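These notes are about the structure you will find just below.
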Amino acid sequence: MAIISKNPATLEVYGEYEEISDDVLESKTSLASDTYNAWKETSFEERKNLLLKLAKYLRENKESLAQLASIEMGKTLIAGVGEVEKCALCCEYYANGGEGMLKPQAVNIEGSEQYIRFDPIGVVLAVMPWNFPFWQVYRFIAPAVMAGNVGLLKHASNVPQCAEAIEKSFKEAGFPEGIFQNLFVSSHRVEKIIRDSRVVAVTLTGSEKAGSSVASIAGSEIKKTVMELGGSDPFMVCKDADLKKAGEVAVKTRMQNNVGQSCIAAKRFIVHEDVVKEFEQILVSEVAKLVVGDPKDSSTTVGPLATEQGMIDVETQVQKSVEMGAVVLAGGSRGDMKGYYYPPTVLTNVKKGMPVYDEEVFGPVLPIITFKTEDEMIDIANDTPYGLSATLFTSDKGAIDRIVPKIDSGSVFVNKQVSSDPRAPFGGIKRSGYGRELSEYGIKEFVNVKYISIS
């Protein structure tokens, strides 16, 4: 199967890549294993210095890397540059703080010396998506290599140039050969890689279906997994909220990553019925400011969706919801632009049973759902199989204390946009996955928590 690099804005094909053979896969896996046996013996200082060189390389090449993301998945250049800078920050964070995070911890048990070590575990396979082609990878590999592990990457098939660029970045920074290798393989060969005894763990960011499949295979081999899956994040607007700020943040968070192709983008806007009309007007006004166009144009704020199927899925979800009674306030239909474009769309009168209520919509759609009481708002927010993140807008500090503990999600952001940060744990509950990335929690996902007791 050919792996194709195709521009979703122009439909131009930039290149085709052949899958690697079984012999090449064996060679790469063997190299990873050998590299790990040497890498685990390196000092934190050596790992730190190389990660800092990697951060420097990323910053020096952020424009060219952003170009790759633009031509392969339609990300705007501004968003692409920001993504690469965030990757550099992540490398610096673990370079400077990783040793302290993994410092042995004393255990207070009378009668003997007790402590806990955090040792590396080996070769970790990363199965990664296209929506953040750099960030999703570096947020895993930076803490992994700082802990003494090495990585193999099965990236999304529509971002092969990005995948190659990531592997190249490690070579350019001076890391030993085999520390992080890209694998051009199709999805059906992932099982073989997971079952390889030299691969000890798997991290996946992707769909619920992909996560279930990979976790099942890894589970049968008794191998550790971290799963960051889908989300249908609630954006709750109380009666006492700053509506202007809430509306501005609502559009910004829904449209993050160019066209709303983000697991942590708000996807259901739950608004008190007394202020919904005003909120609708604000959303429509903010959406009108967005500029749809070529992602390489600096004035563009909304580019194409990454794939044709993604565009079709969003269009279908909107159409079915409208047929069921949803009302279009902005957007709602594809124009005649070449490429995988879908306009920013605001829907109101959204009810349970409609696709834009029940399903994750991975595109620029803002469905508005009304509520009467605080309890009803919480029920709607939790009325999803997902639990990644949530947003709450209110001026009532007492309401914050009441509401936040009742929201089923891995994070709650109050009066601000949901975002990830290397310094804060990231992950979800329910069908949004398990485990945590980033922060001290992230670096400890792929280590052996080793208890030592000395008489």
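The condition of being under 19 Å from GLU280 (Cα atoms), buried (at least 22 other Cβ atoms within 10 Å of the Cβ) and either among the small types (Gly, Ala, Ser) or in contact with an Asp or Glu (Cβ under 9 Å, 6 or more places away or on another chain) (or both) does not hold for VAL350.
Please verify whether GLN281 is surrounded by fewer than 23 Cβ atoms within 10 Å (Cβ to Cβ), closer than 27 Å to GLY353 by Cα and either among the polar types (S, T, N, Q) or touching a Ser or Thr at 6+ places or on another chain (Cβ under 6 Å) (or both), treating the condition exactly as stated. Talk me through it step by step, then tell me what you get.
Details: surrounded by fewer than 23 Cβ atoms within 10 Å (Cβ to Cβ): yes; closer than 27 Å to GLY353 by Cα: yes; either among the polar types (S, T, N, Q) or touching a Ser or Thr at 6+ places or on another chain (Cβ under 6 Å) (or both): yes.
So GLN281 passes the test.
Scanning region 408-432 for residues that are in a loop (DSSP other than H, G, I, E, B) and of a type in the set (A, V, I, L, M, F, W, C), we see that the one that is surrounded by the fewest Cβ atoms within 10 Å (Cβ to Cβ) is ALA424.
Just one of the numbered conditions (1) loosely packed, with under 14 Cβ neighbours inside 10 Å; (2) within 20 Å of ALA163 (Cβ to Cβ) is not true of SER5: (1). Taking helices (runs of 4 or more DSSP H) as the structural unit, those lying wholly within region 183-283 and holding at least 1 residues that are in contact (Cβ under 8 Å) with a residue 12 or more places away in the chain and in contact with a Phe, Trp or Tyr (Cβ under 9 Å, 6 or more places away or on another chain) correspond to 208-220, 243-254, 257-260. Looking across region 318-340, the residues that are within 19 Å of GLU286 (Cβ to Cβ) and not hydrophobic (A, V, I, L, M, F, W, C) come down to GLY331, GLY332.
Look at region 372-396: where a residue is farther than 17 Å from VAL356 by Cα and a partner is among the basic types (Lys, Arg), sitting 6+ places away or on another chain with Cβ atoms under 6 Å, you get ILE378/LYS406.
As for region 386-407, it holds no residue that is closer than 27 Å to ALA79 by Cβ, of a type in the set (Gly, Ala, Ser) and surrounded by fewer than 16 Cβ atoms within 10 Å (Cβ to Cβ). Suppose the filter is assigned by TED's automatic domain parsing to the domain that holds PRO143, within 19 Å of TRP130 (Cα to Cα), within 23 Å of the chain's Cα centre (by Cα) and surrounded by 22 or more Cβ atoms within 10 Å (Cβ to Cβ); does THR253 pass it? For THR253, the condition - assigned by TED's automatic domain parsing to the domain that holds PRO143, within 19 Å of TRP130 (Cα to Cα), within 23 Å of the chain's Cα centre (by Cα) and surrounded by 22 or more Cβ atoms within 10 Å (Cβ to Cβ) - is not met.
A residue that is in contact with a Ser or Thr (Cβ under 9 Å, 6 or more places away or on another chain) and either part of a helix (DSSP H, G or I) or not assigned by TED's automatic domain parsing to the domain that holds ARG189 (or both) occurs nowhere in region 116-128.
Evaluating ILE312 against the criteria (1) closer than 19 Å to GLU286 by Cβ; (2) out of contact with any helix residue (DSSP H, G or I) (no Cβ under 9 Å at 6 or more places or on another chain) leaves one unmet condition, (1).
Taken over region 143-159, the residue count meeting the criterion of being part of a loop (DSSP other than H, G, I, E, B), surrounded by 24 or more Cβ atoms within 10 Å (Cβ to Cβ) and under 18 Å from the mean Cα position of the chain (by Cα) is 2.
The values are calculated or read from the model by the stated rules, or taken from the named source; none is laboratory data. Please read these numbers as outputs of a predicted model, since none were measured by experiment. As a convention, Cβ positions derive from the backbone with ideal geometry for all residues, glycine included, and neighbour counts pool all protein chains shown.
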